[in-house]
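*Asks:* Right, I'll just put the structure down here and ask away after.
The values are calculated or read from the model by the stated rules, or taken from the named source; none is laboratory data. Keep in mind that this is a model prediction, so the values were computed, not measured. Cβ placement follows ideal geometry from the backbone for every residue including glycine, while neighbour counts extend to all protein chains displayed. What goes into the accessible areas is simple: the full protein's heavy atoms, side chains included, and nothing from ligands, DNA or RNA. Shrake-Rupley method; radii C 1.70, N 1.55, O 1.52, S 1.80 Å.
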Amino acid sequence: MTNYVIEPPAVVAVPVAGGGMFPVRRVFCVGRNYAAHAREMGHDPDREEPFFFMKPADALVINGADMPYPTRTSDLHHEMELVVALGSGGVDIPEAEAERHIWGYAAGLDMTRRDLQGEAKKAGRPWDMGKGFDFSAPIGEIAPATQSGHPSAGVIELTVNGKPRQSSDLSKLIWSVPETIAYLSGLVALAAGDLIFTGTPEGVAAVVRGDVLEGSVAGIGTVRTRIV
């Protein structure tokens, strides 16, 4: 038995549709993966190479729990996304083999302290505190790929207090899920338990305390949280 000098951290896990829990190892996020969102953020939507940032696994918010409004910001934004859950991994995974490494999919929110992110961009600094803060990744149940299949199209949308805020289609991803997995596995060794947030469509905007966010990905599931 290992003699730990402090209590080991708890395993972070996301509920699975139909029962069970998916243990999470790491959380990767793809930046600017819808052309219209790239434009609204002031960037060229041409098919540049994908880039990634990360959130800690314990930033995940599950079971529709409330999300506390984070400190040090006055500009908290929502970003609705399809999330990929890997059941296996590897290095330099061929695009044609990527889907066999996918265990399932979920609907998720990449919450962003936009003012902190903007300051970091201007200073040429990392985005970590704009993206990877506590409770910054609400996520719905993971739908096993054996049931949902591997969606390449389908509506992705978000409402805030029941009013439409984001709406697009997975077919508009600049880098498809298999392409994303193939590229990312050339940068790091992927493994079972890794999550990949695949990018957000246009319509990102600020939310405040009391707002209820409800998102969905067709054929996959929903995500819900209230800002408190």
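*Asks:* Could you list, in sequence order, all residues of the stretch 152-168 that are under 16 Å from the mean Cα position of the chain (by Cα) and within 20 Å of A98 (Cβ to Cβ)?
*Replies:* Residue satisfying the conditions is I156 alone.
*Asks:* Now, a different point. Quick check on my filter: what residues within the stretch 69-93 are in a loop (DSSP other than H, G, I, E, B) and under 19 Å from L158 (Cα atoms)? Spell out how you get there, then give the answer.
*Replies:* Here is the first cut: in the stretch 69-93, the residues in a loop (DSSP other than H, G, I, E, B) are 69-75, 78-79, 87-89, 91-93.
Passing the criteria: Y69, D75, H78, E79.
*Asks:* Given (1) small (G, A, S); (2) surrounded by fewer than 15 Cβ atoms within 10 Å (Cβ to Cβ); (3) over 24 Å from G18 (Cα atoms), identify the lone condition not met by S152.
*Replies:* (3)
*Asks:* Counting only residues that are assigned to a loop (DSSP other than H, G, I, E, B) and not aliphatic (A, V, I, L, M), which one in the stretch 174-196 is surrounded by the fewest Cβ atoms within 10 Å (Cβ to Cβ)?
*Replies:* Checking each candidate, the answer is G186.
*Asks:* Another question, then. What's the total number of residues in the stretch 197-226 that are among the charged types (D, E, K, R), free of Cβ contacts under 8 Å to residues at least 60 places away in the same chain and open to solvent by 40 Å² or more (accessible area, probe 1.4 Å)?
*Replies:* So the first thing to find is which residues in the stretch 197-226 are among the charged types (D, E, K, R), and the list is 202, 209, 211, 214, 224, 226.
Applying the additional criterion that residues be free of Cβ contacts under 8 Å to residues at least 60 places away in the same chain yields 211, 214.
Then keep just the ones that are open to solvent by 40 Å² or more (accessible area, probe 1.4 Å); that gives 214.
Of the residues in that region, 1 qualify.
*Asks:* Checking the structure you have, find out if any residue of the stretch 119-142 is open to solvent by 10 Å² or more (accessible area, probe 1.4 Å), of a type in the set (F, W, Y) and in contact with a Gly (Cβ under 8 Å, 6 or more places away or on another chain).
*Replies:* no
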